[in-house]
Amino acid sequence: VNAYNEAHWRALGDHLREKGWIDRFYTFLIDETYEGVAEVTGMVHRAAPDLKNVITMLPKDGYPDVDLWCPRLGDAQMNTREIGRHLKGERRQQGRLWVYTAGNAGSDVPALHLDVPGIEARVSPLAVWTGGYGGLLFWCVNYWTVDPWRDPMGYPRQNGNGSLYYPGPEGPLPSIRLKMLRDGFDDVDYAALLRGSQDVLARRVLAALPVRGALDWERDARFLLTWRLAAGWLLAGDAPRAESALAA
């Protein structure tokens, strides 16, 4: 069935509800443009009102069937006030706004491809978390047009953009960037646990977080590794070692 047909989304919505997956699914039908968005997202909601539509643009009035706006991380940072006014006008929480990263080589916001230091993949989850955004989107994890072991530039001018895995003889193999991203999500877990604590030392450790936002983070990885050690010791119940790591 044609994906731009209401019957397709009605059938898919029925299937997802039957499986209990409806809350974990979203459509991603139009990329980086407002053109055609109102018509397509309206079609989806007419067929299945509980399906969520994601659009990779800054929030804009006149699109009532967009459930999750998802601009580039840098654009979200530079348009914070306008986004806040829009979300308030639609009575949406900041968590209803996702962000994505694609490219961004040489910019101030962290990126996930090969042309930047690994610290950028590591801090990406914290950059999203400190901004209060609800999710991080990366457009593809296995986009290869040639053998990425020989030529990682599957996307023009951006090595590794669109791939976080490599093809292996027995299945996909994780990139170092993927492992950095995993560690970064663990950093978010540590920070969230500290935020939920009333302990004075926990507040001090959280205040020392070297990622203050997508445009304000320490490029020297030693700052983040030291912070992670302090947070880990404190969460493990060893306050003296946490104090020592924090002072390092």
Of all residues being closer than 21 Å to K52 by Cβ and of a type in the set (D, E, K, R) in the stretch 90-121, which is most open to solvent (accessible area, probe 1.4 Å)? Just the residue, please. R91
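Here's the yes/no breakdown for (1) touching a helix residue (DSSP H, G or I) at 6+ places or on another chain (Cβ under 6 Å); (2) within 30 Å of T130 (Cβ to Cβ):
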site: E6; (1), (2): yes, no
site: E35; (1), (2): no, no
site: T41; (1), (2): no, yes
site: D50; (1), (2): yes, no
site: M57; (1), (2): no, yes
site: D67; (1), (2): no, yes
site: Q77; (1), (2): no, yes
site: I83; (1), (2): no, yes
Confirm whether L215 is open to solvent by 70 Å² or more (accessible area, probe 1.4 Å), modelled with pLDDT under 95 and in contact with a helix residue (DSSP H, G or I) (Cβ under 9 Å, 6 or more places away or on another chain). yes
Residues being more than 24 Å from D61 (Cβ to Cβ) and open to solvent by 90 Å² or more (accessible area, probe 1.4 Å): count how many of those fall in the stretch 5-48. 7
Residues that are at pLDDT 90 or above, over 11 Å from the mean Cα position of the chain (by Cα), of a type in the set (S, T, Y) and open to solvent by 10 Å² or more (accessible area, probe 1.4 Å), drawn from the stretch 122-163: T130, Y143
Give L73, L51, L58 a once-over and let me know the one that is crowded, with 17+ Cβ neighbours inside 10 Å and closer than 21 Å to A7 by Cβ. L51
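For residues that are touching a residue at least 12 places away in the same chain (Cβ under 8 Å) and open to solvent by 60 Å² or more (accessible area, probe 1.4 Å), tally how many sit in the stretch 76-89.
2
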If you go through the stretch 26-57, how many residues are part of a loop (DSSP other than H, G, I, E, B), closer than 12 Å to W9 by Cβ and modelled with pLDDT of 95 or more? 4
Within the stretch 171-196, the residues that are under 16 Å from W129 (Cβ atoms) and either open to solvent by 40 Å² or more (accessible area, probe 1.4 Å) or of a type in the set (V, I, T) (or both) are M180, R182, F185, D186, V188, D189, Y190, A192, L193, R195, G196
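Take the conditions basic (K, R), more than 25 Å from L126 (Cα to Cα) and modelled with pLDDT under 95 and apply them to K60. Does it pass?
Against the criterion (basic (K, R), more than 25 Å from L126 (Cα to Cα) and modelled with pLDDT under 95), K60 qualifies.
The values are calculated or read from the model by the stated rules, or taken from the named source; none is laboratory data. Given the structure is predicted, the values throughout are model-derived calculations rather than measurements. Using ideal geometry, Cβ is built from the backbone for each residue, glycine included, and neighbour counts are taken over all protein chains shown. These accessible areas exclude ligands, DNA and RNA; they are computed on the full protein's heavy atoms, side chains included. Shrake-Rupley method; radii C 1.70, N 1.55, O 1.52, S 1.80 Å.
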